[in-house]
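The values are calculated or read from the model by the stated rules, or taken from the named source; none is laboratory data. These figures come from a predicted structure and were not determined experimentally. Cβ placement follows ideal geometry from the backbone for every residue including glycine, while neighbour counts extend to all protein chains displayed. What goes into the accessible areas is simple: the full protein's heavy atoms, side chains included, and nothing from ligands, DNA or RNA. Shrake-Rupley method; radii C 1.70, N 1.55, O 1.52, S 1.80 Å.
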Amino acid sequence: MENENKLKELVAPLLWWYDENRRILPWREEPTPYRVWISEIMLQQTRVEAGKGYFERFVKELPDVEALANVEDQQLMKLWEGLGYYNRARNLKKAAGIVMEKHSGRMPDTVQGLLELPGIGSYTAGAVASIAYGLPAPAVDGNVLRVLARIESDERDILSAAVKKDREKKLLQIMPEKRPGDFNQALMELGALVCLPNGEPLCEKCPVQSLCRGYLNGTAAKLPVKKAKKARIAEEKTMLLLCCKHRLALQKRPDKGLLRGLMELPSLPGHLTAQEVESLFMQQGEEPDSVKELGEAKHIFSHVEWRMQGIFVALNREYKSLEFLGERPFFWVSEQELAHQVALPTAFKYYLDCFLSEEKKP
Ligand code: SF4
């Protein structure tokens, strides 16, 4: 009970601070359920500043649930290009289809109804319910977990599901009836602007300093506790830029696993030199016009890290497939198509730039 009362004391100063300091963001100015939903999914792994442009472009081209339900996959992937986690975009479309079919195009207006849609977990359901519908539902993300761990000087692991559940339960008890959406956003905003991650909270600017045990006890900078995750697996790969007269060969990834169903550069396991790649062509009786190394690049996914080496190969014809690349068919695309139509995941960005930019071209 004491805890609940303490937490309740946060509400008024946080709302006051939020009114004075909140950032003007495109989804905040017109918080319809659709816009809040899109923004929350988009911002799960993207910084707010970077997300603004993506959001504006997305809702301009797909202004409502119906447009999203009917979008071509290729256009959807292009709109999502650069954000990563393509499954999220696929789930958006899937959920939009369900909203059209089962809810006549209107987003469900209960937490339970929202949770039944693909890709919507307790955080997103809480955000849409509270911000767009004014329901008293908590929205607990990493920012909120960090802020609360410091305020309560709580050393429990914030990556644990039980801790998150406990936070949701306690916040639900203190949600202000009148402004639940603003309260949730105030907590997130405090985490984004003041109670910063990596041991750098700006306590002297904080509206709840006098209520914060982490500040008063001097433990804030060491919180929150996050138990180390399993180390990522490192994979070495050689990315091939197979080019023929300004067209580039792409392959489609398998329908399961990482980046499933998306386009990719053909690749080989391990780090190969230009000579080794050339000899693979020679063994098949093919002779490339030129073969050059493009340098190294790295891309980090949640569980895997790709350590890449790039090789540029100029060819004199557009092969349908190549045996040493698993006979998977090639899709030959122009620079124009790559710039406007075909989405290539960010993991390949470094090498795509080598193909598109005049300065980096080998
Ligand atoms: Fe975070 Fe410091 Fe504010 Fe506590 S006083 S909530 S540690 S910024």
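Being open to solvent by less than 10 Å² (accessible area, probe 1.4 Å), within 15 Å of the ligand (Cβ to nearest atom) and assigned to a helix (DSSP H, G or I) is the requirement here; does Arg150 meet it?
Working: open to solvent by less than 10 Å² (accessible area, probe 1.4 Å): yes; within 15 Å of the ligand (Cβ to nearest atom): yes; assigned to a helix (DSSP H, G or I): yes.
Against the criterion (open to solvent by less than 10 Å² (accessible area, probe 1.4 Å), within 15 Å of the ligand (Cβ to nearest atom) and assigned to a helix (DSSP H, G or I)), Arg150 qualifies.
So which residues in the stretch 53-70 are crowded, with 18+ Cβ neighbours inside 10 Å and free of Cβ contacts under 8 Å to residues at least 40 places away in the same chain, if there are any at all?
Within the stretch 53-70, Tyr54, Phe55, Phe58, Val59, Leu62, Leu68, Ala69 meet the criteria.
For Glu318, all conditions in the list (1) at pLDDT below 90; (2) among the acidic types (Asp, Glu); (3) touching a Cys at 6+ places or on another chain (Cβ under 6 Å) hold save one; what is the number of the exception?
With respect to (1) at pLDDT below 90; (2) among the acidic types (Asp, Glu); (3) touching a Cys at 6+ places or on another chain (Cβ under 6 Å), Glu318 is out only on (1).
Just give me the residues in the stretch 268-296 being assigned to a strand (DSSP E or B) and surrounded by fewer than 19 Cβ atoms within 10 Å (Cβ to Cβ), in sequence order. Talk me through it step by step, then tell me what you get.
Within the stretch 268-296, the subset assigned to a strand (DSSP E or B) is 268-269, 290-296.
Pro269, Ser290, Lys292, Glu293, Gly295, Glu296 - these are the residues of the stretch 268-296 that are assigned to a strand (DSSP E or B) and surrounded by fewer than 19 Cβ atoms within 10 Å (Cβ to Cβ).
I'd like the full set of residues that are more than 24 Å from the chain's Cα centre (by Cα) and in contact (Cβ under 8 Å) with a residue 40 or more places away in the chain, limited to the stretch 222-248.
Listed by number, the residues that qualify are Leu223, Thr238, Leu240, Leu241, Leu242, Cys243, Cys244, His246, Arg247, Leu248.
Using the structure shown, decide if Leu159 is touching a residue at least 60 places away in the same chain (Cβ under 8 Å), farther than 15 Å from Trp17 by Cβ, more than 10 Å from the ligand (Cβ to nearest atom) and open to solvent by less than 40 Å² (accessible area, probe 1.4 Å). If you could, list the steps in order and put the result at the bottom.
Values: touching a residue at least 60 places away in the same chain (Cβ under 8 Å): yes; farther than 15 Å from Trp17 by Cβ: yes; more than 10 Å from the ligand (Cβ to nearest atom): yes; open to solvent by less than 40 Å² (accessible area, probe 1.4 Å): no.
No.
Across the stretch 186-197, which residue is most open to solvent (accessible area, probe 1.4 Å) among those that are within 9 Å of the ligand (Cβ to nearest atom) and over 14 Å from Leu15 (Cβ atoms)?
Filtering first and then ranking leaves Leu196.
Quick one: how many residues across the stretch 208-243 are open to solvent by less than 30 Å² (accessible area, probe 1.4 Å) and within 8 Å of the ligand (Cβ to nearest atom)?
Here the count works out to 5.
Within the stretch 251-262, does at least one residue satisfy the condition of being under 27 Å from the mean Cα position of the chain (by Cα), away from the ligand (no atom under 16 Å from the Cβ), assigned to a strand (DSSP E or B) and surrounded by 14 or more Cβ atoms within 10 Å (Cβ to Cβ)?
Yes, that holds for at least one residue.
Of all residues in the stretch 263-280, count the ones that are closer than 16 Å to Ala297 by Cβ and either under 20 Å from the mean Cα position of the chain (by Cα) or touching a residue at least 60 places away in the same chain (Cβ under 8 Å) (or both).
Adding up the residues that qualify gives 3.
Looking at (1) within 10 Å of the ligand (Cβ to nearest atom); (2) free of Cβ contacts under 8 Å to residues at least 60 places away in the same chain; (3) open to solvent by less than 60 Å² (accessible area, probe 1.4 Å), which one does Glu200 not meet, given that it meets all the others?
Result: Glu200 passes all but (3).
Please state which one of Phe301, Phe312 is touching a Pro at 6+ places or on another chain (Cβ under 7 Å) and open to solvent by less than 40 Å² (accessible area, probe 1.4 Å).
Phe312
Looking at Asp166, Asp182, which is the one that is part of a helix (DSSP H, G or I), buried (at least 16 other Cβ atoms within 10 Å of the Cβ) and either away from the ligand (no atom under 12 Å from the Cβ) or under 28 Å from the mean Cα position of the chain (by Cα) (or both)?
Exactly one residue qualifies, and that residue is Asp182.
Read through the list (1) away from the ligand (no atom under 16 Å from the Cβ); (2) within 18 Å of Glu20 (Cβ to Cβ); (3) open to solvent by 30 Å² or more (accessible area, probe 1.4 Å), then give the number of the only condition that Pro176 fails.
(3)
Sort out which residues of the stretch 132-146 are within 16 Å of the ligand (Cβ to nearest atom) and touching a Pro at 6+ places or on another chain (Cβ under 9 Å), and write them in order of number.
Scanning the stretch 132-146 gives Gly142, Asn143, Val144, Leu145, Arg146.
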